[in-house]
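Report on the following structure.
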Amino acid sequence: MPHHHSSKPMIYPNNRPGIHYDDYFAIALERLHGERRYRVFADLERIAGRFPHAVWHSPEGPKNVVIWCSNDYLGMGQNPKVIGAMVETATRMGTGAGGTRNIAGNNHPLVELERELADLHRKEAALVFTSGYVSNQTGIATLAKLMPNCVILSDARNHNSMIEGVRQAHCEKQIFRHNDVAHLEQLLAAAEPGRPKLIVFESLYSMDGDVAPIGDFCDLAERYGAMTYVDEVHAVGMYGARGGGITERDGVVDRIDVVEGTLAKAFGCLGGYIAGSAALIDAVRSYAPGFIFTTALPPAVCAAATAAIRHLKSSNWEREQHQDRAARTKAVLSAAALPVMESPTHIVPVYVGDPELCKQASDLLLAEHGIYIQPINYPTVPKGAERLRITPSPYHDDRLIDALAEALVDVWQRLDLPLKRRALAAE
């Protein structure tokens, strides 16, 4: 290929005379750098059958690393049944869905998947979206818009996708303090009795690992005539006798109007969904722009997700092993005097409290110890609450947990981060 040399400077199409548009973007990026929250993604290659081991394509070349922050919580992304369903369906039906559900994309595996999800949550119907983010964003907004003069009551720590859904509903919203039953009651009592009310909250909050008082919220909803919408993305597959989430575990799923979940975490695939009454699901299907105007999930992805859900409905090994590994990780890290934040679930947050040091800790773990844990900084958590978020899977064995503790202690000492005083031992 001949090289074209030219003395003329390159003209970028987005730099018009008088205005350098790229400067706006450069300034925005500079701001992130200045606040120490510019995000860098590692180039990772997972190897099916070897999770949590992966290959990191580092600047110095490929290196073996252990992933400690994946949301593929149960390792279902490498389950032979799930991979088999995906490959077999792609071979038989091809790759893409061929369009929106309305036009050409309503493939049979997708219909089967929705039946499976409705059954999982004991609801009449379910509706699948391209992601959990979209299911919240378009689901909440659509539901609220279909109820005249609706007021949304939203937990202060709800995920960005829920916040966006509330914002796009363009109706009155009231934020209640995180998991605060009394504050929610105060707001419900102040609303006119006949007015439609939608309470939106998560069952399990993914950064702190705490759980909502769902039964208490249901009591209030029944007392004040409100609807309940719960985001179970960090709980489906992992809690409840069949993986129906915290609502199944706590025996309250029949009292919840809408359960929202994901296929991308414990189920190891891609996509989001809501489950509820037939009328509610049909109304969202018919009105939600984020559903109507986007291409359907490919048949192979739907078949894989269905295989994962079916497997986890009957297999408890993954759930039990997952809880066992999470408990051991917490115990070992706490014994090493690391600042593990209290959590009653599988999330193991380790407190740092500074964006710069959080990023440095993450970089050191990867470069020196072959351990991959992304730093969690603002806006995912409040400023000053920066942390490493560790998610043990059934496949993180004792040796890996011990190596993690040693690596963290080494990094803590090198960065002069405070370790906890050894509990009582020093007293």
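Points to keep in mind about this one:
- Residues whose amide H lies under 5 Å from that of I199, counting only those 5 or more places away or on a different chain, are L153, M227, T228, Y229; hydrogens are built 1.01 Å from N in the peptide plane.
- When the charge dipole of the chain is built from unit charges on Cβ atoms (+1 for Lys and Arg, -1 for Asp and Glu) and taken about the Cα centre, the candidate among F201, S315, G268 whose Cα reaches farthest toward its positive end is G268.
- Size estimate for segment 178-247 follows the Kirkwood approach: the inverse of mean 1/r over distinct Cα pairs works out to 12.8 Å.
- Here each label is just a point 7 Å from Cα along the line to Cβ, and for V55 and K145 those points are 4.6 nm apart.
- Antiparallel DSSP beta bridges within the chain, percent to nearest 5: 60
- Put simply, when 273-284, 236-247, 16-27, 89-100 are sorted by average Cβ atoms within 10 angstrom per residue, most first, you get 236-247, 273-284, 89-100, 16-27.
- Where Rh is the Kirkwood radius over Cα pairs, Rg/Rh for segment 272-336: 1.21
- Within the set (i) 26.1; (ii) 27.1; (iii) 22.4, the number that mean projected area of the Cα convex hull in nm² takes when calculated for this structure is listed as (ii).
Computed from the coordinates by the stated procedures, all read-outs in this text should not be read as laboratory data. Computed from a predicted structure; not experimentally measured. Don't worry about glycine lacking a Cβ; one is built from the backbone with ideal geometry, like all the others, and counts go over all protein chains shown.
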